[in-house]
1. Just checking, which of 132, 100, 87 is in a helix (DSSP H, G or I) and either in contact (Cβ under 8 Å) with a residue 40 or more places away in the chain or under 14 Å from residue 155 (Cβ atoms) (or both)?
2. Here's a check for you: in the range 65-80, which residue that is in contact with a helix residue (DSSP H, G or I) (Cβ under 8 Å, 6 or more places away or on another chain) and closer than 24 Å to residue 119 by Cα is surrounded by the fewest Cβ atoms within 10 Å (Cβ to Cβ)?
3. Select from the range 221-241 the residues that are within 18 Å of residue 52 (Cβ to Cβ) and part of a loop (DSSP other than H, G, I, E, B) and list them in ascending order.
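Nothing in this text is a laboratory measurement; each read-out follows from the coordinates by a stated rule. None of these values were measured; they are calculated from a predicted model. In this analysis, Cβ positions are derived from the backbone assuming ideal geometry, glycine residues included, and neighbour counts consider all displayed protein chains.
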């Protein structure tokens with residue numbers, strides 16, 4: 001088992017009765033050489049897992065803030081090869097924090113077209129990636145992809161939404177590993193108003209079909225909303241607000257600003273009553 005695998009991280013947090021904090025940052029934003037340092041700053045501020053966005057030219061699930069971050073990264077020449085190198089650079093100092101690549105099918109399929117079938121999973125695992133979330137890969141279309149990832153020790157993480165049917169949840173429960181990402185809002189990242197009561201009502205439905213941890217993201221913007229979601233979720237995912245805070249800062253200040261914000265979220269989550277291991281198993 002890798003020292004930075006998702007299962008080990010969630011097992012440790014479950015034993016401690018704590019919730020996972022998962023920040024999302026776009027690889028190559030605010031500039032390419034800043035990403036590994038930003039990741040380290042987030043870990044120091046309390047991140048348990050890092051979601052690293054792979055820039056893509058048509059990010060259909062992303063709102064304007066994350067779209068702009070991706071455009072800046074693409075303009076700086078950041079593609080999948082550069083993202084994997086950023087993970088390698090991160091791993092020279094951190095061999096314990098899991099890293100999940102989040103993105104779209106096109107860059108992966110283009111990579112495999114150039115380098116051969118199975119090459120993405122092989123190279124991602126070698127770089128130190130732990131999981132992959134592909135927004136536009138529904139479970140019914142990626143059984144072979146999931147098997148290839150598993151063969152290389154990588155988890156495949158799926159999205160569920162307020163509109164997900166029980167049948168879709170069951171499909172996801174059969175294929176997913178690591179954790180499941182529940183999108184708390186209809187629409188793109190950064191949109192709408194978070195209804196924490198609706199999230200709390202939805203999680204038992206998901207857990208009826210999914211035996212792995214459930215993280216909640218989209219719409220979490222501050223310590224209060226993170227704490228409200230953390231009462232029922234196993235993990236809190238926060239991206240848009242983090243990107244927004246560093247968007248207009250000088251690149252050298254990005255780690256400091258991001259870490260200060262994330263520490264507030266960590267403090268809020270750790271102020272929640274500890275859960276028994278049985279309650280989150």
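1. Numbers: 132 fails: in a helix (DSSP H, G or I); 100 fails: in a helix (DSSP H, G or I).
Going through 132, 100, 87 in turn, the sole match is 87.
2. Per the stated criteria, the residue is 77.
3. Residue satisfying the conditions is 239 alone.
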